[in-house]
Structures are given as C-alpha cells and as structure tokens.
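Engineer: The structure under discussion is supplied below as structure tokens; questions concerning it will follow.
The values are calculated or read from the model by the stated rules, or taken from the named source; none is laboratory data. Remember, it's a predicted structure, so these values are computed and weren't measured experimentally. As a convention, Cβ positions derive from the backbone with ideal geometry for all residues, glycine included, and neighbour counts pool all protein chains shown. Quick note on the areas: whole protein, heavy atoms, side chains included, nothing else; ligands and nucleic acids left out. Shrake-Rupley method; radii C 1.70, N 1.55, O 1.52, S 1.80 Å.
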Amino acid sequence: MGRFVEGADRSQVTLLPECLDDWVGDDNPVHVIDAFVEALDLGGLGFDRIAAKATGRPSYHPSVLLKLYIYGYLNRVQSSRRLEREAGRNVEVMWLLGRLAPDHKTIADFRKDNGAAIRKVCARFVALCRTMGLLQGAKVAVDGSKFKAVNNRDQNFTQAKMARRMAQVEESVDRYLRQLDSADRQEPSEAIAIKTARLKEKVVRLRQEMDRLAALDGLMRQTPNHQISLTDPDSRSMATSGRGSGVVGYNVQVAVETEHHLIVTHEVTNIGNDRAQLAPMAKAAQQTLGAEGLHVIADRGYFDGDQIRECVEAGVTVTLPKPQTSGAKADGRFGKQDFVYLSDQDAYRCPASAVLSYHFSCRS
C-alpha cells in the first residue's frame, strides 16, 4: 500500500492478548456508570431478582442490566435490539458488562418489570448531583417533547378519524354493490360467476369491518377524551410542529437545570398540549432541588393564567412569553402591544402619538 499507514494483520496471533482495560481510558464515562450502580442498594430500590434462586437457569444480576440501560440512555440507544447488538460489538459495553451479552427480550423485560425502581435510581442520581454541588442554582427550563409509541396511526381512532374510516367503508360497499348489479345484468358466464363471488366476499369482509368499527366507536365514546389506541392503550394522537402532521405517542415533560444542563425531573403524559403542565413540573423541580424560591423558564405553549397563579402561590417565578391571540393585526388594526402606558399621566400613547387618558369606568 505504499507509504500509507498500514493496519495489523487480522490473522496475526499475539502472545499476550490485550485486556479490556487497555481499550477503555480512565476518563471514559463507563467508569462513572460502573461506580454509580455498584454503590446503589438495588434491593432497597425495589429491583427484582436480587437474590439468585438455588434451582433453574442462572439469570443476569439486575446491576448488569441497569448498567446497560444507563449506557443506552447516555448514548441515545433506546431500542432493546440495538442494545443487544452493542453488547456484542462495543468495547465500552463489553468492559461495562464483563463481556456478558443479554438478549433483547431480557433487556426489554427488565425495563418493563422495574419501571418504579428505575425512577428511584433517577432520583438517587439527582441527589448525588446535589451533593456534588451541581444543582445549587434555582433556575430551570421546562419543555416537552413528543415521543412516538409502538401504536401505529391506523390503530388509533378519534371521532373524526372514525367517521372518515366508516365513510370510506360505506363508499366501498356501495361501489361493490353497484358492480354486482352490473354483473347481474350481463349474460351468465364462468368469468361473471367468478367476479360475482369475489365481489360478494369483499362485501362480506367490509360489513364485518363496519361492525368492528361500530364496536370500537362505542368504546371510544366511553373514554374521557373520546380517543382509543388498540396496540398501546395509553398513547394518544398528538399534533406536531409540521403542518398537517401528527404522532401517536406521549408528551414527555422535562425540567433541566440551566447551569449544568442536568435533568432535574421528568414526567410522561398523554396530553397533547403543554398548557396544564407548568405548575406540576415547577413544583416537582422545586421539591427535587429543595429550593424555596425557583425561577422557571418556558415557551409560550405553557401560558395559562391559572397555572401561572399556582406557581406564584408556590413561590415560583415564571418567565414565559404571552401568545398573541388577538386578531387585531389580521383585521388591519393596532394590537394591545402597540400602545405604550405613560405612568406619570395614567394614559396610553398610540402609534400615531395620540394620547388616550382615563375618563370613566362602565359596568353592564
């Protein structure tokens, strides 16, 4: 290969093979994960299968799977199948797990069976950050993100979607019935008989689908928000920033400390908007930080008068923009924000420099 840097021969046998420590530096984050998990009382946190059974096939210790879960969280690897692949090819994961390679079903079951315990681990991490002085600030930023669920959009029904689906089925039934009428008016033949039988099968299937949709419509109308998801019952259809787009999933709320960008608290909701989440997230962050006074920053999607008042009563200062809901500009008129209040005159000045002074109050 000339003067290029050449790699080692893949078939070269070494007398003293390298150990995993040679491939993982001292400043690698996996050392922190290993030390953090080893210091936890997993039994006290509520993890299952801490004590091994005397009979049966040996299982993985919860600390092994917890280390893999935390590593995936830090490196944005959420899928259990991807974590399974990383355990077999990633040197960092090999070092962290001692070259153990659990399968994806084991990883998924661990997360499913230990959800409450994992939340307690997150609380312990926040407490550790507070002990290290990383959460001394009393300012957090709150925002929400839409996380897609495993529920397909075709398996989620709202009132509008159900009406469209039933209308489509009825239209298809009418079309097939018209084709049957047309076939009956033609001369009998083997091709016409086959076509007629096929059309009748389609009509039967569509009527069965209509019955299924009618049953789902009854269940949907019994739910509080008139929406139903078949695969993941807790997921909901939510609008996203794209025009005409949406996602069936969850609205994950996160409060982040502004100095070191550490997640203070989080909550998973199935409410599509953020208007009712400001006060709960502010109070949760206030309790986690142990701060009497807290400054919360959010976007205009959180603006709600009742939520802001609840925050103020709890000693939380809120900074967020007020949404522009007035239609004055669309009508060619000045909006409220275009007028300047003159405190010394107790009057308002309009953009045309005219002054409007107080005259009287009127009650109807």
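Engineer: Only one of the values (i) -0.84, -1.03, -1.11; (ii) -0.50, -0.73, -0.85; (iii) -0.57, -0.82, -0.96 was calculated from this structure for log10 I(q)/I(0) by the Debye sum over Cα atoms at q = 0.09, 0.11, 0.12 Å⁻¹; name its label.
Structural biologist: Among (i) -0.84, -1.03, -1.11; (ii) -0.50, -0.73, -0.85; (iii) -0.57, -0.82, -0.96, the one derived from this structure is (i).
Engineer: Right, another one. Just to check I understand the Karplus step: with θ = phi - 60° and J = 6.51 cos²θ - 1.76 cosθ + 1.60, what whole-Hz values come out for region 49-56, glycine and proline as x?
Structural biologist: Residue by residue, region 49-56 yields 6, 6, 9, 6, 7, 6, 10, x Hz.
Engineer: Right, something else. Taking a point 7 angstrom from the Cα of L216 along the C-beta vector, which residues in region 173-206 have backbone N less than 15 Å away?
Structural biologist: Inside the label zone: 206.
Engineer: Quick check: net charge around V254, other residues with Cβ under 10 Å of its Cβ, Lys/Arg +1 and Asp/Glu -1?
Structural biologist: Net charge in that neighbourhood comes out at -2.
Engineer: Now, a different point. Over the chain, average the accessible area per residue using a 1.4 Å probe and give it in Å², no decimals.
Structural biologist: 68
Engineer: Starting with the highest mean, order 338-344, 35-41, 123-129 by the number of other Cβ atoms within 10 Å, averaged over the residues of each peptide.
Structural biologist: 123-129, 35-41, 338-344
Engineer: Checking the cross-link filter: which aspartates and glutamates have an alpha carbon closer than 16 Å to that of K202, excluding same-chain neighbours under 8 positions apart?
Structural biologist: Cα-Cα hits under 16 Å: E170, E171, D174, D181, D211.
Engineer: Sorted by mean Cβ packing within 10 Å, highest first, what order do the peptides 26-34, 86-94 take?
Structural biologist: In decreasing order of mean packing, 26-34, 86-94 become 86-94, 26-34.
Engineer: Now, a different point. How large a share of the accessible area of the chain, in percent, is made up of carbon and sulfur atoms when the probe is 1.4 Å and the other protein chains stay in place?
Structural biologist: Heavy-atom surface of the chain belonging to carbon and sulfur, 1.4 Å probe: 52 percent.
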